[in-house]
Amino acid sequence: MSFQLLLNVFLAFLWMFLQNSYDTSTFLIGYILGLIIMFAFRRYFHTRFYVGRVWAIIKLILLFLKELVLSNISVLKLVIKPQLDIEPGIFALPTDLKKDWEIVVLSNLITLTPGTLVVKVSDDQKTIFVHALNIGEKEEEIKGIKNTFEKAIMEVSR
């Protein structure tokens, strides 16, 4: 991905030098033309086209922001109630993620979402233990995390 990004920036600068114009609009035109050229020759790269990965990163960030807002609202509803009607608990989340950075990102996303906290990652890194403020149905919690955060992280990394 970094090679493709650097190549695209190089093509944009090359376009600026060929046009003998050194402003932002010329750079952006060169960047877009570089994208088109790289897209045409994408089969010669050993990795997937980097724009797809950038789009997956943007989707992951937007997903996190959506989950952050929704979980803030649900925690606020729990706190505002006159009686605390919660069922805190710890559940085991089996994960399909393999790389260390993927597990770290998933753990951080879970921890940064209000109402949940990663307590421990197993030694074999196949299970993450999560504490939830209001656990409800464990299978639904597991399915929710796997279908949102884990799936989005897999799109970014694979």
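The Rg/Rh ratio for the chain is 1.16, where Rg is the radius of gyration of the alpha carbons and Rh is the Kirkwood radius. Taking the Cα centre of the chain as origin and assigning +1 to Lys and Arg Cβ atoms and -1 to Asp and Glu Cβ atoms, the resulting dipole is close to 480 debye. Taken over region 9-81, the ratio of Cα radius of gyration to 2.2 N^0.38 Å equals 1.83.
Per residue of the chain, the DSSP helices (runs of n ≥ 4 H) give a summed -39500 (n - 2.57) that works out to -19500 deg cm²/dmol at 222 nm. For Leu93, nonlocal amide neighbours, meaning residues 5 or more places apart or on other chains whose placed amide H falls under 5 Å from its own, are Ile128, Phe129, Val130. Check cross-link reach from Lys98 to the lysines: straight Cα distance under 29 Å, and skip same-chain residues fewer than eight apart. Within reach: Lys59, Lys66, Lys120, Lys126, Lys138, Lys143, Lys146, Lys151. Considering only Leu97, Ile142, Leu60, and ranking their Cα positions along the charge dipole of region 51-157 that arises from unit charges at the beta-carbon of Lys, Arg, Asp and Glu, the one farthest toward the positive end is Leu60.
Working note: Karplus 6.51/-1.76/1.60 with θ = phi - 60° gives region 131-136 the couplings 9, 10, 5, 10, 6, x Hz, where Gly and Pro are set to x.
In loop segments of region 69-147 as defined by DSSP, the trypsin sites (Lys or Arg not before Pro) with at most 12 further C-beta atoms inside 10 Å of their C-beta are Lys98, Lys99. Scanning the chain for chymotrypsin sites (Phe, Trp or Tyr not before Pro) that sit in a DSSP loop and have at most 11 other Cβ atoms within 10 Å, the longest stretch containing none of them is 42-158. For the chain, the longest principal axis of the Cα atoms and the long axis of helix 50-80 meet at an angle of about 30 degrees. Calculated from the alpha-carbon coordinates, region 2-44 shows an Rg and a Dmax of 10.2, 32 Å respectively. Across the chain, the relative contact order, built from alpha-carbon pairs under 8 Å that are at least six residues apart, equals 22 percent.
All of the numbers you see were taken from the coordinates with simple rules; none came from a lab. Predicted model, so just to flag it, every value in this text is computed and none were measured. Cβ coordinates were reconstructed from backbone atoms using ideal geometry, including for glycine residues, and neighbour counts include every protein chain displayed.
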